[in-house]
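Let me begin by presenting the structure, written as structure tokens, before commenting on it.
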Amino acid sequence: MAKVDIELVKKVLKENGVDVRLAATILNQIREASTEDAVEREKPAKKQHLVLISEPEEGLPKDLVGWVVQILEDDDPREVAEKIADTASAFNNTPKGERLPVTSFGDACQSLPPKLLKEKNVWVKTREPVRIFAVKNSLGRRRARGE
């Protein structure tokens, strides 16, 4: 809906010879409707990012890959994998899922429709797996000049 200044509406009503009382009623209705719209808008829910790492059956290799996902801030991060697995299972029961079944966690992150994951409050941010490298947290001790 286009945003129009109330003063402009008032001016147009006056130029077109609308009764003053009717114009005041119309302007009050516009003001009330605009305040209702402002109240109805909700703030977006806060979310947290997670990195889900692919763990092969042999254990964790040195070359790790994973996916970045986002969940609601108050959701339990330990339930994310289960939510994705449930969504994949539901997808596999659809006609499209029967033709192209999701068989692994990687397939689920890459090929599940975002709409299905959004219903479970999970947003996959990286469809393709991302390489993960371990780094030391310490940057080392730096000397001050003059030592």
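Values quoted throughout were computed directly from the atomic coordinates according to the rules given, and no laboratory measurement underlies them. Given the structure is predicted, the values throughout are model-derived calculations rather than measurements. We place every Cβ from the backbone using ideal geometry, glycine too, and count neighbours over all the protein chains shown.
Could you list, ordered by first residue, the pairs with Cβ atoms under 7 Å in which the first is in region 104-127 and within 10 Å of residue 70 (Cα to Cα) and the second is assigned to a loop (DSSP other than H, G, I, E, B) and of a type in the set (Asp, Glu), at least 6 apart or interchain?
121/75
Does region 58-70 contain at least one residue that is more than 22 Å from residue 130 (Cβ to Cβ) and small (Gly, Ala, Ser)?
no
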